[in-house]
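What follows is a short report on a single structure.
Derivation of every value follows stated rules applied to the coordinates shown; laboratory data play no part. Fair warning: this is a prediction, and the values are worked out from it, not measured in the lab. Here the Cβ positions follow ideal geometry from the backbone for every residue, glycine too, while neighbour counts run over all protein chains shown.
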Amino acid sequence: MADVNIRVRPNGPFLIEGTFSLTDSEGNAFSLNPDKPAIALCRCGASENRPFCDGAHKGCGFESDERAPTE
């Protein structure tokens, strides 16, 4: 399986890097540009292009910065 990395951006989207597929709740695949090295998925719910991030988190007051346990 190819390496995929998912990063949590502070007060922003999930940034997904690597080769993967993205499907909706019915199993239909979203079209992903294979030339893009990463995509951003909305966490705030305000994007007009969900599940993709459109930057709406910057103006909707979304705040979240989960951190992994250090121990």
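Inspect the stretch 18-25 for any residue being more than 13 Å from the chain's Cα centre (by Cα) and surrounded by 10 or more Cβ atoms within 10 Å (Cβ to Cβ) and give the result as yes or no.
Among the residues of the stretch 18-25, at least one is more than 13 Å from the chain's Cα centre (by Cα) and surrounded by 10 or more Cβ atoms within 10 Å (Cβ to Cβ), which makes the answer yes.
Does at least one position in the stretch 32-44 carry a residue that is outside any loop (DSSP other than H, G, I, E, B), out of contact with any strand residue (DSSP E or B) (no Cβ under 7 Å at 6 or more places or on another chain) and in contact (Cβ under 8 Å) with a residue 24 or more places away in the chain?
No; the residues of the stretch 32-44 include none that is outside any loop (DSSP other than H, G, I, E, B), out of contact with any strand residue (DSSP E or B) (no Cβ under 7 Å at 6 or more places or on another chain) and in contact (Cβ under 8 Å) with a residue 24 or more places away in the chain.
Tell me whether the stretch 9-28 contains one or more residues that are acidic (Asp, Glu) and part of a loop (DSSP other than H, G, I, E, B). Full working, then the answer.
The initial filter retains those residues of the stretch 9-28 that are acidic (Asp, Glu), namely 17, 24, 26.
From what's left, part of a loop (DSSP other than H, G, I, E, B): 24, 26.
Looking through the stretch 9-28, at least one residue is acidic (Asp, Glu) and part of a loop (DSSP other than H, G, I, E, B).
Would you be able to tell me the number of residues in the stretch 38-56 that are surrounded by 10 or more Cβ atoms within 10 Å (Cβ to Cβ) and over 12 Å from the mean Cα position of the chain (by Cα)?
Residues that pass the stated criteria total 2.
Residue pairs, Cβ under 9 Å, 6 or more apart or interchain, first in the stretch 45-68 and closer than 23 Å to LEU32 by Cβ, second basic (Lys, Arg) and assigned to a loop (DSSP other than H, G, I, E, B). List them.
Cβ pairs passing all conditions: CYS53/ARG9; CYS53/ARG43; HIS57/ARG9; HIS57/ARG43.
Would you be able to tell me the number of residues in the stretch 52-71 that are in contact with an Asp or Glu (Cβ under 8 Å, 6 or more places away or on another chain) and part of a loop (DSSP other than H, G, I, E, B)?
Qualifying residue count, the stretch 52-71: 1.
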